[in-house]
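The values are calculated or read from the model by the stated rules, or taken from the named source; none is laboratory data. Here the structure is a predicted model, which is why all the values come from computation and not from measurement. Positions of Cβ are backbone-derived with ideal geometry, glycine not excepted, and every protein chain shown enters the neighbour counts. Heavy atoms of the whole protein, side chains included, go into the accessibility calculation; ligands, DNA and RNA do not. Shrake-Rupley method; radii C 1.70, N 1.55, O 1.52, S 1.80 Å.
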Amino acid sequence: MNETWIILGATSSMARAFGRAVAERGATVYLAGRDMEDLKGSAADLEARGAAKAQAVKFDARDAATFAPIIAAAEGEEGLIHAAVFVGSMPEQSEVDKDPGLIDGTVQESFTGPARFLQMLAPVIEARAGGTVVGVGSVAGDRGRLSNYVYGSAKAGFHTYLAGLRNRLNRAGGHVVTVKPGFVDTAMTWGIEGMFLVADPADVAGDILKAVEKKKNTIYTPFFWRIIMTIIKSVPEPIFKKLSI
Amino acid sequence: MLWKTADYSGWGRVHTAHGEIARPERASTLARIMEEAPAPAFGNRRSYGDSPLNDGGRAIDMTRMDKVLGFDPDTGVVEAEAGIRLGELMRLFAPRGWTPAVVPGTGFCTLGGAIANDVHGKNHHVAGSFGEHVISVALFANGKRVTVSPGHNKAQFRATMGGIGQTGVILSAKIQMKPCPGTAMRVTERRLNDWDEQIDALEASTASYAVSWIDAQARGARMGRGILEEAELSDMRLPSRAKPKSVPFNVGLFSNGLFARAFNEGYLRRIPEAGKTSDKPMEDFFFPLDKVHGVTKLYGKAGFHQFQCVVPTDKTDVLRDMMMKISRSGLASPLVVLKRMGPGRAGMLSFPMEGYTLAIDFPNRAKAKKLIAELEAMTAEAAGRLYLAKDSLASGEMIRGMYPEWSEWAQQAAKADPDGALVNDMVRRLELRSAT
């Protein structure tokens, strides 16, 4: 059966690894992002790895005009249309403190841009009576913390949006998986101090695909982050507000 | 961040380096680095010595540049970025009938590393070296991108094969794979009782893949005993069976003579007197140690050396003397390989020559270093050669004397990289670009 995946933010290493995993199953893949040269390279890579077809398409979370053409192109494919959202940006909290204007872009890239895209895709999933949305959030969205609460709050908003979308698509046979990765070994975390238990992007991609197959609602990857975050969430606010973690 | 400060080492963990490392994930990032702050590149750092290191300077980790850029199922030509692992190429394409024509003993070796060391495999006597299957290479050096091939920029191509990254950072390459009917190997193993049987068996073998394991602890009449492994591609389809295992901490077992003797005895008896033929998944045959993560921890904290030499066919008596010295020392680990080599080599600094190659791991100890120095001298005496992918101890004078095309190579490196931006710790140690 033909499956089509739209991958938003396809230049990230996590997205690349996920694209490879679905390509090896013979999927059709739309690689959406800004660096077209890199996306074209990835399209060739996925086709060599077994994708039925892989195509680079322009996507900018801050430019809604780029959304409709992607959905229209995917609608031309037979079978179910799935989407995996890997977009997001994480400016240093100290940078945001200096320039509060950075909040708008962060929220647009990590939350409202992808949410708007998914809002446009939802009717397609409903019309075809199936399709999975993978939304990559973050453990940072589980609780506001001193070190990156702007990024965290954008992801928290995205988590809530995904929960609502899951509620909606569930009625039409669709599904939404919320993914909360811990620290992943990507270009974004390369060289940042204080990283621990850093996961390989390919392992994270494997976890995501497993969650899609098992129709999980929310996963933490690697799994132990669920325990870590349960503890962090359970600290009473009067104490938590004094901590710096 | 683009640059991360780290301590890192080669596979043998004897040499270490401290410095900034970039790990680009996109061609645009890599191009920016090469324009602004060119630095030597490394892959999975499976070379044993100091060729992947640039102590005090910067280096580029190429492992995230690992896209397949094109594959033609009709011809078996594949083009890929330098950071892709050869094991990955095998995993992807063997089920579709094509496999890299030459692979070394680890699937973690990257495409770029295979070129920069002109690696060889268990089929060297038939298939030649890796570089002989390379169609073209894209390099970045001295601010520009160039493509080299046997027909275009031939001298730079020959300086690139085995040229430990000195003619430009290897961006991508196009290689010719070879057809394979399945994903398995039909392997025949039989015991050999002494050194003479080893040499006779390798000499007589007509198999496409042939390599011998030696019990380097056996002395006297049994000196040189071991197992000959011969193989052909099989049409069976077998997925890798080996389960990942890992060595949790620096245990030093392989540095222990008693353990090595016991291990070797058991390893030899694994093969029945009458020999044994079986089908093995390709990956398990080519990369037997890849599933044991942290295998080098078996040598303890101080790391280890691999001595690998090749001597001309008529100098097997020298190899025999070496083997005698080694077995008497009791220092050798169980990882010992003897192989007949053909003449195939693709570059000016390529290791292979027609003859026999011996590879042995030693723990990093004063006694072992002394023994290795003796073995190196014997190699030089026999007009043989040491392998840059393994070396961490030799002198520059000795190495340069073993590679007759060295000065031509040095000229090519100087031409491609006039500022010496790509010089790494090995090149410095052996004065490969500074000596005259």
Quiz item: Assuming a viscosity of 1.002 mPa s and a temperature of 20 °C, what translational diffusion coefficient in µm² per second does Stokes-Einstein assign to region A:3-240, Rh being the Kirkwood radius over Cα pairs?
Solution: 119 µm²/s
Self-check item: Charge dipole of chain B about the Cα centre (unit charges at C-beta), most positive-ward option of B:LEU253, B:VAL119, B:LEU139
Solution: B:LEU253
Quiz prompt | Accessible-area value, B:GLU132, 1.4 Å probe, nucleic acids and ligands omitted, Å² | solution = 90 Å²
Quiz item: Roughly to the nearest percent, how much of the accessible area of region B:138-285 is carbon and sulfur, given a 1.4 Å probe?
Solution: 53 percent
Self-check item: Extension gain (nm, one decimal) between B:GLU36 and B:GLU232, 0.36 nm per residue minus Cα-Cα
Solution: 65.7 nm
Practice problem: Run the numbers on region A:10-42: which residues show a drop of 20 Å² or more in accessible area, chain on its own versus all protein chains together, using a 1.4 Å probe over heavy atoms? | Solution: A:THR11, A:SER13, A:ARG16, A:ARG20, A:GLU24, A:ASP35, A:GLU37, A:ASP38, A:GLY41
Quiz prompt | Exposure of B:LEU268 as accessible area (Å², to 10), given a probe of 1.4 Å and all protein chains | solution = 10 Å²
Self-check item: Order of exposure, largest accessible area first, which applies to A:LEU39, A:LEU243 with probe 1.4 Å
Solution: A:LEU243, A:LEU39
Quiz item: Taking 0.36 nm per residue of separation and subtracting the Cα-Cα distance, what length does fully extending A:TYR149 through A:LYS242 add?
Solution: 32.0 nm
Exercise. Using a 1.4 Å probe and counting only protein heavy atoms, arrange B:MET185, B:MET324 so the residue with the most accessible area comes first.
Key: B:MET324, B:MET185
Self-check item: 10 Å Cβ neighbours from other chains, averaged over peptide B:85-98
Solution: 1
Self-check item: B:ASP200-A:ASN217 pseudo-label distance in nm [points 7 Å out on the Cα-to-Cβ vector]
Solution: 7.4 nm
Quiz item: Residues of region B:1-18 losing 30 Å² or more of accessible area relative to the isolated chain, 1.4 Å probe, heavy atoms only?
Solution: B:MET1, B:LYS4
Self-check item: Among A:169-175, A:114-120, the order from most to least packed when residues are scored by Cβ within 10 Å on average
Solution: A:114-120, A:169-175
Self-check item: Gap separating the Cα centres of region B:110-150 and region B:23-41, nearest whole Å
Solution: 20 Å
Quiz prompt | Computed magnitude of the charge dipole of region A:3-240 (debye, nearest 20; Cβ of K, R +1, Cβ of D, E -1) | solution = 880 debye
Quiz item: How far, in nm, would the chain grow between B:HIS152 and B:ASP321 when pulled straight, counting 0.36 nm per residue and subtracting the alpha carbon separation?
Solution: 56.4 nm
Quiz item: Is the shape of the protein assembly as shown best called rounded, prolate or oblate, per the rule: a/c under 1.5 gives rounded, else a/b larger than b/c gives prolate, else oblate, with a ≥ b ≥ c the square roots of the Cα gyration tensor eigenvalues?
Solution: prolate
Quiz item: Between B:SER350, B:SER327, B:ASN364, whose Cα lies farthest towards the positive end of the dipole of region B:305-368 when Lys and Arg beta carbons carry +1 and Asp and Glu beta carbons carry -1, centred on the Cα centre?
Solution: B:ASN364
Quiz item: Hey, rough spin-label estimate for B:LYS276 and A:ASP200, points 7 angstrom out along Cα→Cβ, what's it come to in nanometres?
Solution: 2.9 nm
Quiz item: Label-point separation (nm) for B:ARG261 and A:ILE192, each offset 7 Å from Cα along Cα-to-Cβ?
Solution: 5.5 nm
Self-check item: Vicinal HN-Hα couplings computed from phi for region B:321-338 (Karplus, 6.51 cos²θ - 1.76 cosθ + 1.60; Hz; Gly/Pro x)
Solution: 4, 4, 4, 5, 4, 5, 5, 5, 6, x, 8, 6, 7, x, 8, 9, 10, 10
Exercise. Tally the DSSP beta bridges in the protein assembly as shown and give the antiparallel ones as a percent, rounded to 5.
Key: 65 percent
Practice problem: Provide the three semi-axes, in whole Å and in decreasing order, of the ellipsoid equivalent to region A:1-121 as defined by the square roots of 5 times the Cα gyration tensor eigenvalues. | Solution: 28, 16, 11
Quiz item: Roughly what % antiparallel, to the nearest 5, for the DSSP beta bridges in region B:1-66?
Solution: 60 percent
Quiz item: Put +1 on the Cβ of every Lys and Arg and -1 on every Asp and Glu Cβ in region A:3-240; which of A:ALA129, A:ALA56, A:GLY76 then has its Cα farthest towards the positive end of the dipole?
Solution: A:ALA129
Quiz item: Which residues of region A:44-64 bury at least 10 Å² of accessible area once all protein chains are present, versus their chain alone (1.4 Å probe)?
Solution: A:ALA44, A:ASP45, A:ALA48, A:ARG49
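Leaving out ligands and nucleic acids, and using a 1.4 Å probe, what accessible area per residue does region A:3-240 come to in Å²?
Normalised by residue count, the accessible surface of region A:3-240 is 41 Å².
If you put +1 on each Lys and Arg Cβ and -1 on each Asp and Glu Cβ, how big is the dipole of region B:1-137 around its Cα centre, in Debye rounded to 20? Write out the running numbers ahead of the final one.
Working: 14 positive and 16 negative charges, 83 e Å.
Dipole of region B:1-137, to the nearest 20 debye: 400 debye.
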Quiz item: How big a patch of accessible area, both sides summed and in Å² to the nearest 100, lies buried between A and B at a 1.4 Å probe?
Solution: 1900 Å²
Quiz prompt | Exposure ranking of A:VAL235, A:VAL133 by accessible area [1.4 Å probe, largest first] | solution = A:VAL235, A:VAL133
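Let me have the 222 nm mean residue ellipticity of chain B computed from DSSP H runs of 4+ only, each contributing -39500 (n - 2.57), with the sum over all residues rounded to the nearest 500.
-7500 deg cm²/dmol
Where only protein heavy atoms count, and the probe is 1.4 Å, what is the accessible area per residue for region B:1-130 in Å²? Spell out each step's value before the answer.
On the way: 4130 Å² over 130 residues.
Ligands and nucleic acids excluded, the result is 32 Å² per residue.
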Quiz item: Counting only protein heavy atoms, what percent of the accessible surface of chain A is carbon or sulfur at a 1.4 Å probe?
Solution: 56 percent
Quiz item: What does the charge dipole of region A:3-80 about its Cα centre add up to, to the nearest 20 debye, if the Cβ of each Lys and Arg holds +1 and the Cβ of each Asp and Glu holds -1?
Solution: 180 debye
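Please give the per residue accessible area of region B:295-367, computed with a probe of 1.4 Å over protein heavy atoms only, in Å².
Here the per-residue accessible area is 31 Å².
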Quiz item: For chain A, what is the calculated [θ] at 222 nm in deg cm²/dmol (nearest 500), taking -39500 (n - 2.57) for each run of four or more DSSP H residues and dividing by its residue count?
Solution: -13500 deg cm²/dmol
Quiz item: Taking N as the number of residues in chain B, what is its alpha-carbon radius of gyration divided by 2.2 N^0.38 Å?
Solution: 0.93
Quiz item: Once the whole set of protein chains is in place, how much accessible area is left on B:ILE199, using a 1.4 Å probe, in Å² to the nearest 10?
Solution: 20 Å²
